[in-house]
Amino acid sequence: MALTDPPSGQDHDTSPGSGDTPAGNSWRQTAGPTSPGLLGRIARACHRHRWLTLAGWAAAAACLIVMWAQFGAPADNNLTSTDAGTRLINQHFPRQSGDTLTLAIRATQPVTHPAVRDRVTSALAPFGRAPHVTAVGSPYRLPGRISAGRHIAFATVQFDVKASKIPTSEATALMNDARAASGNGVSFYLGGDVVDQAQTPEGGSSEGIGVLAAAIVLLISFGSVLAMGLPIITALFAIGSGLSLIALIGHLVPAPSFAPVVASLIGLGVGVDYALFIVTRFREALRSGAAPESAVVTAFSTAGRAVLFAGTTVIIAVLGLLVLRQPLMNGVAVAAAVTVGCVLAGSLTLLPALLGFTGTRLAKRSRLARRSRGGGAERSRSVSTRAGAEPSASARRVPLAERWAGGVQRRPVFAAAASAAVILALAAPVLAMQLNLPDESTQPRGTMGYQSYQTTAEGFGPGFNAPLIIAAKLPPGGSGTAAMRGVEAAVRAAPGVARVTPPVVSADRAAAMMIAYPTTSQQDTATNDMVHRLRDTVLPRATAGTGIRAYVGGPNAGAVDFADLVNQRLPWLIGIVVGLSVLLLMVVFRSVTVALKAAAMNLLSISAAYGVLTAVTQWGWAGKVFGFPEKMPVATWVPMFLFVILFGLSMDYEVFLLSRIREEYDRTGDSSAAVARGLARTARVISAAAAIMIVVFLSVVLGADVAVKQIGLGLAVAVLIDATLVRLVLVPAVMELLGTANWWLPRPLARILPDVRFEDHAAAPEPDRIPAGVG
């Protein structure tokens, strides 16, 4: 699989009367073995110096983890940018610049009853003494904080810092104060970002469950504890290093708290998969009679190169998030790319060292495999292979995957149409997809955050939990103070506004602020329309000629801005990621057709994942099964993040499958046979890799964060569709219909693009053989 050029004097075949090169300008080398490429030489060096390589990885990982613990950057969960209104509040209302908690109060007697009033007043006292609290707003001192029915009220707890700066222990202490004060007909529920972060921790036991599930799938696939352990060990070393680097890089590129969870999810999936492909190729080489070192060189010069290209595609895809130019999405992109980079480094350096400790033991088949294949037939085939003879077609046992591919190729039109119809049916719900950031209404029912949301929504309407902060820059001279009353009246009269608090003027008389409460919840699209209406029509008309500059800000308005940003830049993200991936595939396989086909099929599987995710979360189909407590929109950042990850992962399978197909085609020149044989040689390992990714991704639905659960569900669905309907049906059907056009490459491109090959003969220069009795 080294980079090779046609031998001197070798002509390229051309189609009669065509200016293009068929078969991607393919040629079949008949010369003797060549020296291994760079990856083969690296693998051989790591194999020979296995103890030094292992010690180096252990030392580097330990150092990075210690630095992570000592100097790691804190998470930054502010997905919305700092707008002009927020800057005004930070500058002129410093005591209101931090986060706020809402203390919802429910009483069986009216809250104005003297006994209830005394209970509430006493309950508020501990909150005023808590760290970072600048003010506690009593429902009895400020208007509008007691419901019309007088059985529900709320108080506010104002911090001087953002929620991310408040330790979980302090948030837990405040929640314990609320629980301790509850009882005897009065209940207190705290709500807000501080509470949500304490009650929905990132990560947890789901990562351990994912590792265990991956180990079980590997054990079933390999039938060997030793072979199962190598991918797991490699992935864990790489992920530990990657997560440490993420925390350190966070000082330069801040990342949200879910970034390490998603990065470890991707790293575990691709790390185990990459090692799985390489170990499988290593075992094949051993069983063909190669010595361990030669088998390592063969595995890394073939499967290792495929892993390198696949991992590069994933990195390119996730870095596509930089197109959004959103600071925290930049952090997520860098976190995922760093983790995949560490996985690649571990797969290409640590894994060959670990394989060096196994010797020829991986050549032996498990007892289960020997029983299923039949001992005598297997020994006969093994001996003939070691003798260099290719078994005859009648003697060769045709694998199930090859028979399946043959069936698909006999009816390619039907197979392609049927699989495409199923995928499009699954993708149909995407047309109704709604985007929004999760709020407390999407939290599990037993959490205090949800109980606070439910109580205040019942007492003050669903829009109470979606407040919009209107901040205004006042003109000098004090004339703006009177004009703010007109702005207040205009906002109160706007459609979709339930109520407005009186304007509050800053101490320096330079700014004012008020809060508008919508009639609808944050998850309702009508709230988004109301935000745009205030910005585009109501405020410009109300402030015209007054010298006042008014802005709609706050977290909920920021969520609307973020959704607008995604809608504007997502086409650019898709175009750049698809374009770069297509270019990479053209370089790898020297075929325009293969590259465009791969991109189209990947887009199909991603669309199907979007559709299923919409049906489960937004329509509620089987939502309870996957841990979604209620119907909810898809989190704003989930579709774009799913796209970049899934496009990269889908390219993984495309590279692994097509590299084998290309090897067979270069060897035989028969397109149909190459597709069937390539599918047969990769179906089992791709199925195992897909199973690993599915169980790893589904493990996160056991967590608490609904947005991360959406990521896990979408990834699992896409991989399932990609590994079944796409790779087992659509790919062989379409390639059968295209025939030799699969490898079409225009002559001008053939001269420009480098020639990268996936060839067995170039990967095994060492003539050493292991004794025929092994295995």
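The sole residue among V500, V531, V560 that is at pLDDT 90 or above, open to solvent by less than 50 Å² (accessible area, probe 1.4 Å), among the β-branched types (V, I, T) and over 22 Å from G137 (Cβ atoms) is V531.
Name the residue, out of A466, A457, A490, that is closer than 14 Å to G191 by Cα, in contact (Cβ under 8 Å) with a residue 24 or more places away in the chain and surrounded by fewer than 20 Cβ atoms within 10 Å (Cβ to Cβ).
After applying the criteria, what remains is A457.
If the condition is being buried (at least 20 other Cβ atoms within 10 Å of the Cβ) and more than 43 Å from the chain's Cα centre (by Cα), then region 105-138 contributes A107, V111, V116, R119, V120.
Does R87 fit the bill of being within 27 Å of A563 (Cβ to Cβ), open to solvent by 50 Å² or more (accessible area, probe 1.4 Å) and either touching a helix residue (DSSP H, G or I) at 6+ places or on another chain (Cβ under 8 Å) or not in a loop (DSSP other than H, G, I, E, B) (or both)? So R87 passes the test.
Scan region 397-411 for residues that are farther than 13 Å from A676 by Cα and either crowded, with 20+ Cβ neighbours inside 10 Å or modelled with pLDDT of 85 or more (or both) and the total you get is 1. Here R569 qualifies as assigned to a helix (DSSP H, G or I), more than 17 Å from the chain's Cα centre (by Cα), of a type outside the set (V, I, T) and within 22 Å of P438 (Cβ to Cβ).
In this structure, does A59 turn out to be free of Cβ contacts under 8 Å to residues at least 60 places away in the same chain, outside any helix (DSSP H, G or I) and surrounded by fewer than 16 Cβ atoms within 10 Å (Cβ to Cβ)? Here the answer is no, as A59 does not meet what is asked. Which residues, taken from region 425-436, are at pLDDT 95 or above, open to solvent by 40 Å² or more (accessible area, probe 1.4 Å) and not small (G, A, S)? Selection gives L426 alone. May I ask you to say which residue of G223, G183, G229, G267 is within 30 Å of K165 (Cα to Cα) and of a type in the set (G, A, S)? None of the others qualify; the one that does is G267.
Of the candidates V314, V334, V297, V340, the single residue that is over 18 Å from R684 (Cα atoms) and open to solvent by 20 Å² or more (accessible area, probe 1.4 Å) is V334. Sub-8 Å Cβ pairs linking a first residue in region 243-258 that is assigned to a loop (DSSP other than H, G, I, E, B) to a second residue that is of a type in the set (S, T, N, Q), at least 6 apart or interchain, are V253/N330; P256/N77; S257/N77; S257/S164; S257/Q197, ordered by first then second residue.
Across region 600-646, the number of residues qualifying as farther than 25 Å from D564 by Cα, out of contact with any Asp or Glu (no Cβ under 9 Å at 6 or more places or on another chain) and outside any loop (DSSP other than H, G, I, E, B) comes to 1.
The C-beta contact set for region 528-542 (first residue over 19 Å from A563 (Cβ atoms), second residue among the β-branched types (V, I, T) and assigned to a helix (DSSP H, G or I), distance under 6 angstrom, 6+ apart or interchain) comprises A542/V487.
Filtered by the rule that a residue be open to solvent by 20 Å² or more (accessible area, probe 1.4 Å), more than 25 Å from V708 (Cβ to Cβ), modelled with pLDDT of 85 or more and outside any helix (DSSP H, G or I), region 159-213 gives S182, G183, N184, G185, S187. Every condition in (1) open to solvent by 20 Å² or more (accessible area, probe 1.4 Å); (2) among the aromatic types (F, W, Y); (3) in a helix (DSSP H, G or I) holds for Y274 except the one numbered (1). Residues that are open to solvent by 30 Å² or more (accessible area, probe 1.4 Å), under 17 Å from P732 (Cα atoms), free of Cβ contacts under 8 Å to residues at least 24 places away in the same chain and more than 19 Å from the chain's Cα centre (by Cα) are absent from region 601-623 altogether.
Of everything in region 291-306 that is modelled with pLDDT of 90 or more and of a type in the set (A, V, I, L, M), the residue that is farthest from the chain's Cα centre (by Cα) is A291. Any chance region 698-707 includes a residue that's at pLDDT below 85 and of a type in the set (D, E, K, R)? Within region 698-707, one or more residues are at pLDDT below 85 and of a type in the set (D, E, K, R).
In this structure, does L596 turn out to be crowded, with 19+ Cβ neighbours inside 10 Å and at pLDDT 90 or above?
No: the conditions fail for L596.
Can you name every residue in region 732-753 that is open to solvent by 70 Å² or more (accessible area, probe 1.4 Å), touching a Leu at 6+ places or on another chain (Cβ under 9 Å) and more than 29 Å from V408 (Cα to Cα)? None - no residue of region 732-753 is open to solvent by 70 Å² or more (accessible area, probe 1.4 Å), touching a Leu at 6+ places or on another chain (Cβ under 9 Å) and more than 29 Å from V408 (Cα to Cα), so the list stays empty.
The values are calculated or read from the model by the stated rules, or taken from the named source; none is laboratory data. Keep in mind that this is a model prediction, so the values were computed, not measured. Note that we place each Cβ from the backbone using ideal geometry, even for glycine, and neighbour counts take in every protein chain shown. For the accessible areas, the whole protein counts, side chains as well, though only heavy atoms, and no ligand, DNA or RNA atoms are used. Shrake-Rupley method; radii C 1.70, N 1.55, O 1.52, S 1.80 Å.
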